[in-house]
Amino acid sequence: MSNDIPNFNLLAVFSAVMEQGSLSKAADQLSTNQSTISTALTRLKKEIGQELFVRKGRGVVPTSYAQSLYEQIKAPINELNGVFQSMASFDEQTSERKFALSSPEHLQWVLLDSFSALPNKNLSLEVFDQPDSDNRIYEDLLTQEFDAMIEIVIPEHQSIVSQKLYEEEFVIVCRTDHPRIAGEISEAQYLNEQHAVLDRTRRKVRTLNHYTSIDLSKRKIVFHGRSLFSNILLCSQSDYITVVPLSMAVQFQNKLSLQIFTPPFEYQPLSHYLVWLKKQTNDPAHQWLREQIIHRSKKMAQVLKSEGMKFARD
């Protein structure tokens, strides 16, 4: 058993199951689904190294260890819930709060910079990279490790809601002195070159597949990057090419000596969605957080529109 104190959200889920007597009733109380409850209990079991529930008929019953644990944490859990309820009265000038958010890397510095400029230094933001695959994409949101997420697909989960933030063009980049590409790129060239791709999937396909109908399986993939920046950096030092959002390409164009091209095939712009738990919709602090992100996104969209027009003229 670890000496670390288990995550509060996991203990809160455990407490709800003990109080409600079933996973399904606990899920209803917490405005989530039974799968999320089961996942949280599995994580808690792993953290403390003890069995918590055993199967009986169609349900589960707590072990003696679970009964003992619940008796000891019941009062502290209720006290902490009271603290969280008191936090419902949120004042952006005086409140103290750290928010957690997962975001695409081309937005991370924008969000961090925005929060660092706030006059109330007791309000802060902690930003995380996006999950790599569909398997755990919303797990940290459902267990409230994250307050919100910025994603490229609309979530398909009954406990989650979303709002479209803005659209952004994506572009092809390569180094300025690329031996075969200069000034323009054709679809045939694009498919024939060697590619660095983002090794992240949404709905079991890579990002670009959501926005174009061309057969991307014809690409010659040589590098599977964990981040857009690793891909763009590699391409600045080699003859490989990659695709990134326009905002990221413009940010690093001069620093890394990059050529930027509009895709030579039909495509849809990259959409960004703000995603959060439905039960937090009316929470004052969460409303304020969403307003900050939406405001910053509108500014980003205006800048990108300007950059896109400039890019088109060039």
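Coordinate-derived values only; no laboratory data. Given the structure is predicted, the values throughout are model-derived calculations rather than measurements. Cβ sites come from the backbone with ideal geometry, for glycine too, and all protein chains shown count toward neighbours.
Helix 284-313 and the longest principal axis of the Cα set of the chain meet at an angle near 10°.
When the trypsin sites (Lys or Arg not before Pro) in the range 206-245 are filtered for DSSP coil states and for at most 12 other beta-carbon atoms within 10 Å of their beta-carbon, the remaining sites are ARG226. The convex hull around the C-alpha trace of the range 50-182, projected and averaged over every direction, spans 15.0 square nanometres.
Of the residues SER217, PRO179, THR207, the one whose Cα sits farthest towards the positive end of the charge dipole of the range 175-314 is THR207 (charges of +1 on Lys and Arg Cβ, -1 on Asp and Glu Cβ, taken about the Cα centre). Charges were assigned to the Cβ only: +1 to each Lys and Arg, -1 to each Asp and Glu. The resulting dipole of the range 15-155 about its Cα centre is roughly 800 debye. For the cross-link pairs LYS25/LYS279; LYS164/LYS278; LYS278/LYS298, the ones whose C-alpha atoms lie over 19 Å apart are LYS278/LYS298. Taking square-rooted eigenvalues a ≥ b ≥ c of the alpha carbon gyration tensor, is the range 243-287 rounded, prolate or oblate, where a/c under 1.5 means rounded and, failing that, a/b exceeding b/c means prolate? Oblate shape, in that a/c is at least 1.5 and b/c is the bigger or equal ratio. The helix-only estimate of mean residue ellipticity at 222 nm for the chain, built from DSSP H runs of length n ≥ 4 each weighted as -39500 (n - 2.57), is -13000 deg cm²/dmol after division by the residue total.
Compared with the dominant Cα axis of the chain, that is its longest principal axis, helix 8-20 is turned about 50°. Using bins of 10 Å that start at zero, the share of Cα-Cα pairs per bin across the range 158-208 amounts to 15, 37, 28, 13, 6, 0, in whole %. The P(r) of the chain has a tail past 37 Å containing 30 percent of all C-alpha pairs. Here's the picture: charge each Lys and Arg Cβ at +1 and each Asp and Glu Cβ at -1 in the range 190-314, and of SER247, VAL275, HIS286 the one pushed furthest to the positive end of that dipole is HIS286.
Of the GluC sites (Glu not before Pro) found in the range 141-214, those in coil by DSSP whose Cβ has at most 15 other Cβ atoms within 10 Å are GLU145, GLU156, GLU184. How large is log10 I(q)/I(0) at q = 0.16, 0.27, 0.29 Å⁻¹ when the Debye formula is applied to the Cα atoms of the range 174-237, each weighted equally and without solvent? Treating every Cα as an identical point scatterer, log10 I(q)/I(0) equals -0.58, -1.36, -1.39. If only the Cβ of Lys and Arg carry +1 and only the Cβ of Asp and Glu carry -1, the dipole of the range 145-230 around its Cα centre is close to 420 debye. Relative to the Cα centre, the charge distribution of the chain, modelled as +1 at Lys and Arg Cβ and -1 at Asp and Glu Cβ, gives a dipole magnitude of about 500 debye. Remark: the LYS299-GLU96 segment gains 70.5 nm on full extension, using 0.36 nm per residue and subtracting the alpha carbon distance. Modelled spin-label separation between GLU71 and ASP113, with each label point placed 7 Å from Cα along the Cα-to-Cβ direction: 5.7 nm.
In whole percents, the pair-distance distribution calculated for the range 227-314 from its alpha-carbon pairs, binned every 10 Å from zero, is 13, 36, 29, 17, 6, 0. Distance from the alpha carbon centroid of the range 230-270 to that of the range 146-218 works out to 11 angstrom.
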